[in-house]
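Comments concern the structure below.
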Amino acid sequence: MKKLLLLSATVLGLAGCQCGEPQLATSSVKKVLKAMTLEEKARLVIGMGMPDSNGNSAAVGATQDIVPGAAGTTYAIPRLGIPSIVLADGPAGLRINPTRPGDDQTYYCTHFPIGTLLASTWNQKLVENVGFAMGEEVHEYGADVYLAPALNIHRHPLNGRNFEYYSEDPVVAGKTAAAYVRGVQRNDVGTSVKHFAFNNQETNRTANNAIISPRAQREIYLKGFEITVKEAAPWTIMSSYNKLNGTYTSQRKDLLTTVLRDEWGFQGLVMTDWFGGDNAAEQIAAGNDMLQPGTALQYEQIMGALKDGSLSEKELDVCVTRCLELIKRSPKVKAYPYNNKPNLEAHAAVTRQSALEGMVLLENKGVLPLKDVKKVAVFGCTSFDFIAGGTGSGNVNRAYTVSLLDGLKNAGFQVDESKKDAYLKHIADEEAAFRAAQGENYSPFYPVPRPSELVPNLFELAASALKNDIAIITFGRNSGEFFDRTSADFSLSESEKKLLGGVTKAFHALGKKVVVVLNVGGVVETASWKNIPDAVLLAWQAGQEGGNSVTDILTGVESPSGKLPMTFPVNLMDAGSSANFPIDTDTGVYFTNRREDVGQKDVDYTRYEEGIYVGYRWFDKKDMAVSYPFGYGLSYTTFAYSEPSVVNDGNTVTATVTVTNTGSVAGKEAVQLYVSAPESNLDKPVKELKAYGKTEKLRPGESEILTLTFPSGELASFDEEKSAWVVDAGTYTFLFGASSRDIRCSVQADAAASEVPAHRVLLME
Ligand code: BGC
């Protein structure tokens, strides 16, 4: 009780209140700043540190004060009513400890679908609603800033954190992130949009130098952040670990001040990623307002630089002011009485329902939705052990994960469980063996490889086919920060291939069907096997209700309406970025330890030689066959597009198209608006996505006129010579697509020439 009173007194900023001192809750930031000592200022811009289980600082970990398990806290100055505010991960839900010593209550959070699944919905309203539900947990568990969303571009299929990110396309990434931020911040808590920027690989992530042309930066890697900042005004942004063109992003004034603030008008605070960068004084001078989680060395660096004049107090004050502004708007300073009881039941329904819209039906030879099916045989370890989401700081401590097995049973199917115990034992044994083999290097933040598949013998398979109406096989992939995926992880393993071959042969022999469910966080190889089963459902990692959501799609509770936010290439090496990505390169550098720069390609530096040709822009330019194109996804119904129109009034491009459900069940359709530019001095992609939208659920025969808009200035490309966004005068073609390779209709409209200058910054050395 005593502890509680003390805590609320501190929270209110009253504990050290001295009469006459300005108080942050009631005084202006200016007054509070004036009352601060230099030492207090230097302390405020760095966090409170973060102990690991041995008392040392840990890269991903958990503070133990206020909200145990949160990633960071800020420095409190009670005499000025400045409380410590709490920063906690995201992005698939709040990451805090689920239990607390000596406390019977649990603090589980909802594991929502991963970022990639949310982007696959192509439904900004839905994403905003999911964000709103996440924000309620942030608010009611006493956190102030949610370290999410994460929107780095899917530059390469093997980035270990792609599951947290959205898309290979900056418009999809930016619009999804903006909707997410709006939803979360409706709860009066902050977001931290991360990782700003060019953080596209995990290998040597804290020292890698990304070498990128200004055009590719502006058009591809910064565009999503620009959209989010302009459309959703996030409270904070998290700078990234890596360098850009030779300098840490967290130490680049041209990125954090010139572009972010002067060009885009960002008003919030920038914090580092945990232990990011190598010079605290340079970070402050660059406008990286807060260093997290904070170290003693950073304090010394700042005080030293102030003393020797390399950092001015004025520069420090800019960052301190932004820290004060952030804290002033936090729930903590308002002493919000959080109840530690967010509505987990309602959020379970939100995650179950939202996951339905992001699952992508890749193949369907008439088998889905399931009809006349009672008895189901499930195969694949992952069917019994569904993956809610990825690992690392993107993990969520949830109360449960619904497996496919349980999802099917919940829906009333008779599921053959005879192998369940054997599967669960096999999974546990392989996990234990992996942990043991890792020895001291093992960390619970690391992804555990998926177990090898158990392949039943021919006799068992034949018996299963005889007993059951259908077979479902789940293949799983998991990944998380610190590691990129490997080429082996991209392809089906030998045991997976054997399982697929064996099950389909046995079931097809009796005229029965086989469905494959992909419970994965990133792109996998599909071209070589996708025609073997009768249907393939890309379920992504769908959060804690995954098994229920998959079952809802399989049974047709909803028609699938998810579409791919990235391309599925035929071969891994087809991707433009494969020539410059650390494929299968283990450097022994994890967490925050840094190795000496030995100039190793794709490890110490990575040249983004493909420039703006990322994802479909590359495959279109090369006119290359893909396994599934960007924007692709099947439905249980069909849609016709008609009456396309486009008006460009010089300010806004307004496009409309009528979408009609021409099939026999209700469904939603995501429509993509691409633009092809006229002849130009600049090299132009074949087409680029500029806007997208999704219909409401249309009944058979029902139509909706979808209106898609974007600023006319977005027709521009970035001209490096002029350092300007340039729209060429001429006739543009507007393509309405069901996918990037399924253009249904097009219209032409003219644009006048325009030029918007940008600072000549972020240059290559
Ligand atoms: C991750 C961030 C995360 C932070 C705090 C870092 O390792 O890169 O995304 O927010 O840890 O947990």
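The values are calculated or read from the model by the stated rules, or taken from the named source; none is laboratory data. Everything numeric in this text was worked out from a predicted model, so none of it was measured. Every residue, glycine as well, gets a Cβ built from its backbone with ideal geometry; the counts of neighbours run over all protein chains shown. Heavy atoms of the whole protein, side chains included, go into the accessibility calculation; ligands, DNA and RNA do not. Shrake-Rupley method; radii C 1.70, N 1.55, O 1.52, S 1.80 Å.
I'd like the full set of residues that are touching an Asp or Glu at 6+ places or on another chain (Cβ under 6 Å) and in a helix (DSSP H, G or I), limited to segment 491-506. Don't jump to the end; show me each part of the working.
First pass over segment 491-506, keeping only residues touching an Asp or Glu at 6+ places or on another chain (Cβ under 6 Å): 491, 495-496, 499.
Across segment 491-506, the qualifying residues are SER495, GLU496, LEU499.
On the stretch given as segment 424-442, residues that are open to solvent by less than 50 Å² (accessible area, probe 1.4 Å) and modelled with pLDDT of 95 or more total 2.
Please work out if SER645 is closer than 30 Å to SER703 by Cα and open to solvent by less than 10 Å² (accessible area, probe 1.4 Å). No. PRO582 falls short on exactly one of the conditions (1) more than 27 Å from the chain's Cα centre (by Cα); (2) modelled with pLDDT of 95 or more; (3) surrounded by 14 or more Cβ atoms within 10 Å (Cβ to Cβ), and that condition is (1). Do we have GLU669 as under 30 Å from THR587 (Cβ atoms) and not assigned by TED's automatic domain parsing to the domain that holds PRO157 here? In short, no.
In segment 390-402, the residues that are under 18 Å from PHE163 (Cα atoms) reach residues that are more than 12 Å from the ligand (Cβ to nearest atom) and part of a helix (DSSP H, G or I) with C-beta atoms within less than 8 angstrom, at least six apart or across chains, in these pairs: GLY390/PHE163; GLY394/PHE163; THR401/GLY546; THR401/GLY547. Of the residues that make up segment 204-227, is at least one surrounded by fewer than 24 Cβ atoms within 10 Å (Cβ to Cβ) and at positive phi? No - not one qualifying residue is present in segment 204-227. Close contacts from segment 336-359, counting a first residue that is at positive phi and a second that is open to solvent by less than 20 Å² (accessible area, probe 1.4 Å) and not small (Gly, Ala, Ser), with Cβ to Cβ under 9 Å and a gap of 6+ residues or different chains, come to ASN340/TYR107; ASN340/GLU140; ASN340/TYR141.
Only one of TYR141, TYR180, TYR166 is touching a residue at least 12 places away in the same chain (Cβ under 8 Å), within 16 Å of the ligand (Cβ to nearest atom) and more than 14 Å from the chain's Cα centre (by Cα); which? That would be TYR141, the only listed residue that is touching a residue at least 12 places away in the same chain (Cβ under 8 Å), within 16 Å of the ligand (Cβ to nearest atom) and more than 14 Å from the chain's Cα centre (by Cα).
Taking LEU244, is it open to solvent by less than 10 Å² (accessible area, probe 1.4 Å), away from the ligand (no atom under 16 Å from the Cβ) and either of a type in the set (Ser, Thr, Tyr) or within 27 Å of ASP586 (Cβ to Cβ) (or both)?
Working: open to solvent by less than 10 Å² (accessible area, probe 1.4 Å): yes; away from the ligand (no atom under 16 Å from the Cβ): yes; either of a type in the set (Ser, Thr, Tyr) or within 27 Å of ASP586 (Cβ to Cβ) (or both): yes.
Yes: the conditions hold for LEU244.
Can you tell me which residue among TYR674, TYR632, TYR636 is aromatic (Phe, Trp, Tyr), crowded, with 17+ Cβ neighbours inside 10 Å, in a strand (DSSP E or B) and under 29 Å from the mean Cα position of the chain (by Cα)? Break it down into steps so the answer makes sense when it comes.
On the way: TYR632 fails: in a strand (DSSP E or B); TYR636 fails: in a strand (DSSP E or B).
Step by step, each of TYR674, TYR632, TYR636 is checked, and only TYR674 is aromatic (Phe, Trp, Tyr), crowded, with 17+ Cβ neighbours inside 10 Å, in a strand (DSSP E or B) and under 29 Å from the mean Cα position of the chain (by Cα).
Among the residues of segment 269-277, is any buried (at least 19 other Cβ atoms within 10 Å of the Cβ) and either over 26 Å from the mean Cα position of the chain (by Cα) or not assigned by TED's automatic domain parsing to the domain that holds ASN242 (or both)?
Within segment 269-277, the subset buried (at least 19 other Cβ atoms within 10 Å of the Cβ) is 269-277.
If we keep only those that are either over 26 Å from the mean Cα position of the chain (by Cα) or not assigned by TED's automatic domain parsing to the domain that holds ASN242 (or both) as well, we get none.
Checking segment 269-277: not a single residue is buried (at least 19 other Cβ atoms within 10 Å of the Cβ) and either over 26 Å from the mean Cα position of the chain (by Cα) or not assigned by TED's automatic domain parsing to the domain that holds ASN242 (or both).
Residues are listed down the side, and each one gets a yes or a no for (1) of a type in the set (A, V, I, L, M, F, W, C); (2) touching a Pro at 6+ places or on another chain (Cβ under 6 Å); (3) in a loop (DSSP other than H, G, I, E, B):
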| position | (1), (2), (3) |
| --- | --- |
| ASP262 | no, no, no |
| PHE266 | yes, no, yes |
| PHE275 | yes, no, yes |
| GLY294 | no, no, yes |
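For every residue, the table says whether it meets (1) in contact with a strand residue (DSSP E or B) (Cβ under 9 Å, 6 or more places away or on another chain); (2) away from the ligand (no atom under 16 Å from the Cβ); (3) aromatic (Phe, Trp, Tyr).
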site	(1), (2), (3)
PRO214	yes, yes, no
LEU222	yes, yes, no
VAL229	yes, yes, no
THR236	yes, no, no
GLN251	yes, yes, no
ASP262	no, yes, no
THR272	yes, no, no
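Per this entry, SER739 is not counted among residues that are open to solvent by 60 Å² or more (accessible area, probe 1.4 Å), among the polar types (S, T, N, Q) and outside the structural domain of ARG252 (by TED's automatic domain parsing).
Does GLY501 satisfy the criteria of being closer than 20 Å to LEU537 by Cβ, in the same structural domain as VAL373 (by TED's automatic domain parsing) and surrounded by fewer than 17 Cβ atoms within 10 Å (Cβ to Cβ)? Taking the combined requirement at face value, the residue satisfies it. Filtering ASP469, ASP489 for residues that are more than 30 Å from LEU572 (Cα to Cα) and in contact (Cβ under 8 Å) with a residue 40 or more places away in the chain leaves a single hit, ASP469.
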